[in-house]
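Read the structure below first, then the notes.
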């Protein structure tokens, strides 16, 4: 999705998920699409930005920490996370961050 | 650069820079490389992760807000930002966020 997330005025939260894929494909694309759609339907979801170029970066934006915790523990997401560790990722890092300020440019 | 940033224990800061490129090339790659190298030599720089797939996402990590402000106002970086607005980007968004927690996985 090549568009910038239209997030509200700060403060809000960002989940910065960076990952390196394993060689295994095996349903990864379908699961990634499914999780993206599911995330977008969670309470408190504000937007998402994603790109992969060797390294994958997905930043999702949320109203508060409770929304992030709920999404982390969503039953389908938990199952996907398990498969991610078992099959799809060789490494990943998740950072939870509070967005304090933002500024934008558009031509 | 396909590697996860080896950041220290939180708290620290993230600058989430997401962008859409214009059609203009005109020195963009060289400038991006130069700014990356320059950023890495600034006081308080902790790491960077970057990917472009239509949408570009660069997340740089910093010790504190002062380090971010100093980098924002670095004279060569200011000149690059000006060219970015004039030539290279159709839109971008910069978010300043305080990383409160992180967790990692490695196979």
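Taken over the stretch B:45-56, residues that are facing chain A (nearest Cβ under 10 Å) and on the phi < 0 side of the Ramachandran plot amount to 7.
Being in a loop (DSSP other than H, G, I, E, B) and touching a helix residue (DSSP H, G or I) at 6+ places or on another chain (Cβ under 9 Å) is not true of residue A:81.
Considering B:66, B:76, the condition of being touching a helix residue (DSSP H, G or I) at 6+ places or on another chain (Cβ under 8 Å) and loosely packed, with under 14 Cβ neighbours inside 10 Å is satisfied by B:76 alone. In the stretch A:61-77, the condition of being more than 8 Å from chain B (Cβ to nearest Cβ), assigned to a strand (DSSP E or B) and within 30 Å of residue B:87 (Cα to Cα) is met by at least one residue. Is it the case that the stretch A:55-62 has a residue that's under 19 Å from residue B:54 (Cα atoms) and out of contact with any strand residue (DSSP E or B) (no Cβ under 8 Å at 6 or more places or on another chain)? No: zero hits. Taking the criterion of being closer than 17 Å to residue A:60 by Cα, exposed (fewer than 12 other Cβ atoms within 10 Å of the Cβ) and within 13 Å of chain B (Cβ to nearest Cβ), the only residue of the stretch A:9-44 that qualifies is A:9.
Coordinate-derived values only; no laboratory data. The model shown is predicted, which means the values in this text are computed figures rather than measured ones. In this analysis, Cβ positions are derived from the backbone assuming ideal geometry, glycine residues included, and neighbour counts consider all displayed protein chains.
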